[in-house]
């Protein structure tokens, strides 16, 4: 996907901008809004994002590779949580610019943890103050911004609403100005470096998380086992992994109805997302305590 450089290749403001913040602050919604399409799955559950997800914003004078990351959190007892923290820290270390995503009028210990990590890297930092659409009147933001600005020498404090796509152009402009001039790092028509299999697996996991709600918050993973073309449609076999035998009937549901709902919802979303017909077949399998196994995490692509 990387573009080759020669004397005719234009030089743009190019680089990586890591979206860092506590769980459930809106990083994935912000990435999707910036790119203009759904790349990162979104649910009300904290720590839905497990992977590094790259989304490209292409402008005439800039190419910004935004990196959505798992939310940084202090409690990392399970191997899965530790892997998610490592993923976020690696993206932070590789970034040209760091975007601390915070929620308007809120500041927690996990926000402070994220800012501490940013400060240790010495990377240029911008604060994206999200969910400003919930603040009425807007003047209530002013004291919050003053306190936030005193916490760190941010390049800028940018109020945004990822949900309403408000303030995003200003955020992109501020970030682009901080990036070095170089030939494009990726193809100029690219949206992400993730393939179709990853996007299918994540969409299935999103629908599972929404369907299961409180019953299986983290003990599920999705692995694409087979993809083939058949009579104009993409046939996909996906395994849903749970980490205890007793969770299997919960995922399947009475008479298989829950699994059918998940499959139907995922298929509709993917048909629209990929712009093509897709036939999705789901199986539920057990791998005991996979979320506590470093080897299982690597096998399932959670920790690479």
Self-check item: Conditions (1) closer than 23 Å to residue 53 by Cα; (2) assigned to a helix (DSSP H, G or I); (3) without any contact (Cβ under 8 Å) to a residue 60 or more places away in the chain; number of the one not met by residue 127
Solution: (2)
Quiz item: Of all residues in the stretch 224-233 being more than 25 Å from the chain's Cα centre (by Cα) and under 15 Å from residue 200 (Cβ atoms), which is surrounded by the most Cβ atoms within 10 Å (Cβ to Cβ)?
Solution: 233
Exercise. Answer yes or no as to whether residue 206 is assigned by TED's automatic domain parsing to the domain that holds residue 270, part of a helix (DSSP H, G or I) and either more than 19 Å from residue 284 (Cβ to Cβ) or more than 19 Å from the chain's Cα centre (by Cα) (or both).
Key: no
Quiz item: Name the residues in the stretch 171-197 that are in a helix (DSSP H, G or I), surrounded by fewer than 17 Cβ atoms within 10 Å (Cβ to Cβ) and touching a residue at least 60 places away in the same chain (Cβ under 8 Å), would you?
Solution: 177, 196
Quiz prompt | Of all residues in the stretch 53-68 being more than 11 Å from residue 192 (Cα to Cα) and free of Cβ contacts under 8 Å to residues at least 60 places away in the same chain, the one that is surrounded by the fewest Cβ atoms within 10 Å (Cβ to Cβ) | solution = 60
Exercise. Would you check if residue 8 is modelled with pLDDT under 90, under 12 Å from the mean Cα position of the chain (by Cα) and in a loop (DSSP other than H, G, I, E, B)?
Key: no
Quiz item: Taking residue 144 and the conditions (1) over 30 Å from residue 234 (Cα atoms); (2) in the same structural domain as residue 265 (by TED's automatic domain parsing), which numbered condition does it fall short on, given that it satisfies the others?
Solution: (2)
Quiz item: What about residue 171, is it farther than 16 Å from residue 29 by Cα, touching a strand residue (DSSP E or B) at 6+ places or on another chain (Cβ under 6 Å) and assigned by TED's automatic domain parsing to the domain that holds residue 55?
Solution: no
Quiz item: Restricting attention to the stretch 259-286, which residues are in contact with a helix residue (DSSP H, G or I) (Cβ under 6 Å, 6 or more places away or on another chain) and more than 24 Å from residue 39 (Cα to Cα)?
Solution: 284, 286
Exercise. Tell me, yes or no, whether the stretch 154-162 has at least one residue that is out of contact with any strand residue (DSSP E or B) (no Cβ under 8 Å at 6 or more places or on another chain) and either at pLDDT 95 or above or in a loop (DSSP other than H, G, I, E, B) (or both).
Key: no
Quiz item: Is it the case that residue 67 is assigned to a loop (DSSP other than H, G, I, E, B), closer than 17 Å to residue 171 by Cβ and modelled with pLDDT of 90 or more?
Solution: no
Exercise. Specify which of the listed residues (291, 238) is modelled with pLDDT of 95 or more and under 25 Å from the mean Cα position of the chain (by Cα).
Key: 238
Quiz item: Which one of 281, 267 is farther than 30 Å from residue 89 by Cβ, within 24 Å of the chain's Cα centre (by Cα), assigned by TED's automatic domain parsing to the domain that holds residue 221 and touching a residue at least 12 places away in the same chain (Cβ under 8 Å)?
Solution: 267
Quiz item: Any residue at all in the stretch 135-155 that is touching a helix residue (DSSP H, G or I) at 6+ places or on another chain (Cβ under 8 Å) and either closer than 15 Å to residue 62 by Cα or free of Cβ contacts under 8 Å to residues at least 24 places away in the same chain (or both)?
Solution: yes
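The values are calculated or read from the model by the stated rules, or taken from the named source; none is laboratory data. As the structure is a prediction and not an experimental result, all values here were calculated from the model. Neighbour counts run over all protein chains shown; Cβ positions are idealised from the backbone, glycine included.
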